[in-house]
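Data first, discussion second: the structure below is written as structure tokens.
The values are calculated or read from the model by the stated rules, or taken from the named source; none is laboratory data. Please read all numbers here as calculations on a predicted model, not as lab measurements. Ideal geometry is used to build each Cβ from the backbone, glycine not excepted, and the neighbour counts take in all protein chains shown.
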């Protein structure tokens, strides 16, 4: 006598239906938002056909953005993400630095004297070409070797933070980092040129209302290296 | 991470006992495990400590408490943490929007995953409706404990039908298996019920291990510990839950998941 009163056929059919893989994932697994079709298509390596204006992709992009925004808002509500300002606002604040051409750099005369005298000579030479800008020479440990201004603390902080970040990179062991360009909180443009001199890494920092073009940076770097290489 | 709920239409089938001991066994086997009590009765907390009645927990999270650290209780086993039921009545008085429950449950599971939890075990109230329905739907797997007595197993088709409906409604939950509980070795009827169900259902839908009806489970409950901690040397019945934990590892793919995450990257990856 059967005690469970179960219809074997019925329960087997139900069991079979439950053994099929579900068509959706469990709700805590976030499905990766699908890219708009135009982003999935691989770009051709060479352009064999004439380039035309691409068809507007506004609708899928808007849809994609709104889905990303919804995911972000849910993450913020769940406390998984800080509720900072929207990315779109941050993007709007990116400042394109205004570039100014300084006077051409005068020839650098051979330097002599103590280290501080040579730094002084280098700084005066560089300053003569950088009209409205302020110049600092900073040691690798954050010592201000030349220059004085209300901004020096801000400049030193920027250099030290950047130096610490650079040292964490594997590349720092084998090459001198590239110059750093930043807009300070005061609105000034800061450029830091690291120079691997005979006495260790030193930084030339220049702040000004306008930015210095890249073409002059190697000359400044070479001048400081030459000044430090000179015999005392 | 995987989330496993236990569910049954009938109450008193041993869901809470299973959850506590299974969570303990999984943690002992090295899985960082979070035991969540979604039953307003608070059986998990009441089984383990007197003080849990006053603690915040699952329902407080649903009501908007975001600091997970305030809610989760550590245990003597570093791999095992407990999220008690919390202040159900206070939260129910304030109310929570029913529509937001699935999203809050998903947030809970994601938070657990971010804390490095490998396995979430969710104890539910009897019945497959209301909060229990939402919990089961939010999980990856559901274990179906069935008391080995005629009246209890007669509800099996009904339960499978309900789970089928959950799937049709878009839930991704899979059945880890039906687990026979409170099996009485000295009762021919109890044994017959188990035999009938095993004969009727596909083998992979039934856990190989049964949970017998033993007085040691009552003793463990009285002492507020998992069975394995009842005595200095774990009693043999503690191995029952180790066996179930091992079956879960296989059925839910826990082992494969860990192997995949810990495998070495190949040179060309």
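Can you confirm whether region B:196-203 contains a residue that is within 17 Å of the chain's Cα centre (by Cα) and either assigned to a helix (DSSP H, G or I) or at pLDDT 90 or above (or both)? Within region B:196-203 (the criterion being within 17 Å of the chain's Cα centre (by Cα) and either assigned to a helix (DSSP H, G or I) or at pLDDT 90 or above (or both)), the answer is no, since none of the residues qualifies.
Among the residues of region A:166-186, those identified as outside any loop (DSSP other than H, G, I, E, B) and modelled with pLDDT of 70 or more are A:180, A:181, A:182, A:183.
Scoring residue B:34 on the criteria (1) free of Cβ contacts under 8 Å to residues at least 24 places away in the same chain; (2) part of a strand (DSSP E or B) leaves a single failure, condition (1). Taking the conditions exactly as written (part of a helix (DSSP H, G or I), more than 14 Å from chain A (Cβ to nearest Cβ) and free of Cβ contacts under 8 Å to residues at least 40 places away in the same chain), does residue B:208 satisfy them or not? Here the answer is no, as residue B:208 does not meet what is asked.
Of everything listed in (1) modelled with pLDDT under 90; (2) in contact with a strand residue (DSSP E or B) (Cβ under 7 Å, 6 or more places away or on another chain); (3) part of a helix (DSSP H, G or I), the single unmet condition for residue B:23 is (1).
Residue count for region B:86-119 satisfying the condition of being more than 9 Å from every other protein chain (Cβ to nearest Cβ) and either farther than 25 Å from residue B:159 by Cα or touching a helix residue (DSSP H, G or I) at 6+ places or on another chain (Cβ under 9 Å) (or both): 20. What residue, among those in region B:121-155 that are under 20 Å from residue A:78 (Cα atoms), in contact (Cβ under 8 Å) with a residue 60 or more places away in the chain and facing chain A (nearest Cβ under 9 Å), is surrounded by the most Cβ atoms within 10 Å (Cβ to Cβ)? Within region B:121-155, the match that is surrounded by the most Cβ atoms within 10 Å (Cβ to Cβ) is B:139. Of everything listed in (1) more than 30 Å from residue B:198 (Cβ to Cβ); (2) in contact (Cβ under 8 Å) with a residue 60 or more places away in the chain; (3) crowded, with 23+ Cβ neighbours inside 10 Å, the single unmet condition for residue B:116 is (3).
Considering only region B:137-149, I want to know if a residue exists there that is assigned to a helix (DSSP H, G or I) and under 22 Å from residue B:172 (Cβ atoms). Within region B:137-149 (the criterion being assigned to a helix (DSSP H, G or I) and under 22 Å from residue B:172 (Cβ atoms)), the answer is yes, since at least one residue qualifies.
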